[in-house]
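Enquirer: Structure incoming, see below.
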Amino acid sequence: MKALMPVEMIEMKILLIRGEKVMLDADMAALYGVTTKVLNQAVKRNVERFPRDFMFQLTKEEKHEVVTNCDHLRRLKFSPNQPFAFTEHGAIMAATILNSPVAIQTSVHVVRTFIRLRQMLSSNAELTRKLADMEKKYDSQFKVVFDAIRQLMSPPEVKKKPIGFRPHGKEE
């Protein structure tokens with residue numbers, strides 16, 4: 001089966017909202033080759049297939065944050081509707097109610113992308129567990145090494161420069 005869209009492109013459309021990895025209705029509709037309106041109408045006709053752990057509607061604040069942080073979602077800024085967010089299971093269910101060849105094929109790629117992300121998180125958790133086990137086993141002999149590895153595993157801290165005017169000769 002030929003990939004319709006690279007996994008990396010799908011990964012970029014997966015957002016973390018309310019602690020869940022989700023895709024917004026606009027992105028899913030584009031992937032499945034339908035309009036957002038068609039996707040949402042199909043969901044409303046089959047609402048019993050979409051419990052809260054499959055799909056939820058964003059609040060105004062969540063929508064504002066998504067529009068602010070995701071360039072590809074700027075068009076949502078002027079939409080009067082609050083977008084829907086679909087979890088991995090909701091994305092699969094959406095493909096089943098759309099039932100077009102593109103939706104079916106794309107759903108396979110979406111599922112693989114979610115699985116790949118889950119595996120990456122799992123392997124990082126496994127690495128953290130193994131590191132903790134080794135640290136217990138080898139005591140303080142290698143504490144410096146373990147601390148350095150942990151520091152390398154965590155994302156770098158972004159230092160912000162102060163904004164505004166600082167009078168000459170005044171240092172903080």
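Only the coordinates and a few stated rules stand behind these numbers; no lab work does. Quantities reported herein were computed from a predicted structural model and do not represent experimental measurements. Backbone-built Cβ (ideal geometry, glycine too); neighbour counts: all protein chains shown.
Enquirer: Dipole of region 7-121, Cα-centred, from +1 at each Lys and Arg C-beta and -1 at each Asp and Glu C-beta, to the nearest 20 debye?
Expert: Once rounded to the nearest 20, the dipole reads 220 debye.
Enquirer: Could you point to the residue in Met55, Ala42, Ala26 farthest towards the positive end of region 3-68's charge dipole, with +1 and -1 charges on the Cβ of Lys/Arg and Asp/Glu respectively?
Expert: Checking the options against the dipole of region 3-68, the answer is Ala42.
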